[in-house]
Amino acid sequence: MNFMKTFNKDFFNLENFIIKKECFLCRKKKDKETDPYHICYNVNDPYIHIMGASMISVLENNPEREIVFHIFTDGYSNHNKEKLIMIAERYHCDCILYHLNMKPFEDFHIKVARFSRITYGRIYMPKVLLGEVHRFIYIDADAICIRPLDILWNLNLEGKAMGAVLEAPDAVAYRAGYLKLKSGRYFNDGIMLVDVDEWEKQNITEKCFAYQEEPKERFLGQSQDVLNLVFDGKNYFLPAQYNVYGGGCRDNNDSIFIHWTGRRKPWQMVLTKFDQKWREYNAQSPWDTITNILPVKKPENYHDFQQWGRYQKEQGNFYGYLKGIFWYAWLRTRYKLGI
């Protein structure tokens, strides 16, 4: 495999990537025989309150285990830091904040304008945690845990550096074909079990960074495409219940993680039992509770009302359907007219 970009030997040193590290250590030893679960996120400051619901979901569903959260961000407010301290103190867990220097990430492409380069933070996490932990679970901020993580944490990765869930068949065919993956397999990187030592042994971070100067037209996504190009099917494929994407639409009553991979998010409106479950974890977090049930009535949200109306019709609520379609038509008109 030929990579476009090369680096000097010092490029990946921690001092080039970590601006500041703050530790809020409130963990109490629960079991001498077990190690804590190490959970990682990468998130920007406006999304930290969303991540808060995910953190609460992990804590509430694993009450007997010690938890260490490793949160990688491109910056954070004092307000959000104080809320994270509150979580650490209330749940007796550890929260470690890593303020990343984003300059080393600047040559990674941005395919979708609403996304941030902090998404590439997951590629560097194993470098930071090398020598401190042997494995960690990476979770996207828009995913929640709804069952214990013991089976996943103890899973044998069979010498693979990372485990992730295969995407839906139509997405696999399209994305693997677009990227010209030899394996014909394509995973979702929103939930990953990472073997830190094996990741380093296989130089996964270095191989990912080598894609920085590739033209963005080569990709359909961001970090997920880069990771799929590097692994090309040589990762471990986790059972589907460990990343039930689409907000739980493929749930078979055995889901471990529910992941809102589409544009519709549970903090925008409530359509399903999993949206409601997210709201419950949000209400248990130190951040303000989100109470809106309808989508936010902004012109750019007109698609949300169409989806909301269709869902109401499926549930037999014809009045709700008419209400959704009315707001869809009105907001769409405003959006098209720019008013």
Please work out the average accessible area per residue across the stretch 109-202, using the 1.4 Å probe convention, and give it in Å².
42 Å²
For the stretch 187-330, what is the Kirkwood estimate of the hydrodynamic radius, computed as the reciprocal of the mean inverse distance between distinct Cα atoms, to one decimal in Å?
18.1 Å
Taking the Cα centroid of the stretch 290-325 and of the stretch 167-207, what is the distance between the two, rounded to the nearest whole Å?
35 Å
Percent carbon-and-sulfur accessible area, the chain, ignoring ligands, DNA and RNA, probe 1.4 Å:
50 percent
Can you tell me the alpha carbon radius of gyration of the stretch 76-235 divided by the globular rule-of-thumb value 2.2 N^0.38 Å?
1.10
On the Cα set of the stretch 1-74, report Rg and Dmax in Å, please.
16.9, 48
Å² per residue, accessible surface of the stretch 264-339 at 1.4 Å
59 Å²
Output the direction-averaged projected area (hull surface divided by four) of the convex hull of the alpha-carbon atoms of the stretch 201-277, in nm².
7.0 nm²
Give, to the nearest whole percent, the P(r) tail of the stretch 1-138 beyond 23 angstrom, counting all Cα pairs.
38 percent
State the three equivalent ellipsoid semi-axes of the chain, derived from the C-alpha gyration tensor as the square roots of 5 times its eigenvalues, in descending order and whole Å.
32, 26, 20
Loop sites in the stretch 153-241: trypsin sites (Lys or Arg not before Pro), DSSP, at most 11 other Cβ within 10 Å:
Lys180, Lys182
Find how many whole Å separate the alpha carbon centroid of the stretch 56-111 from the alpha carbon centroid of the stretch 116-157.
12 Å
Taking r as the C-beta separation of Arg250 and Leu157 and R0 as 25 Å, the FRET efficiency to the nearest 0.05 is 0.60
13 Å cut-off, amide nitrogen to a point 7 angstrom out along Glu64 Cα→Cβ, residues in the stretch 113-151
148-151
Restricting attention to the stretch 12-119, which GluC sites (Glu not before Pro) occupy a DSSP loop and are surrounded by at most 14 other Cβ atoms within 10 Å?
Glu33, Glu64, Glu106
With a cap of 14 neighbouring Cβ atoms within 10 Å, and only residues DSSP puts in a loop, list the trypsin sites (Lys or Arg not before Pro) found in the stretch 1-105.
Lys5, Lys9, Lys28, Lys29, Lys30, Lys32
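The values are calculated or read from the model by the stated rules, or taken from the named source; none is laboratory data. Please read all numbers here as calculations on a predicted model, not as lab measurements. Using ideal geometry, Cβ is built from the backbone for each residue, glycine included, and neighbour counts are taken over all protein chains shown. Side chains included, ligands, DNA and RNA excluded: accessible areas come from the protein's heavy atoms. Shrake-Rupley method; radii C 1.70, N 1.55, O 1.52, S 1.80 Å.
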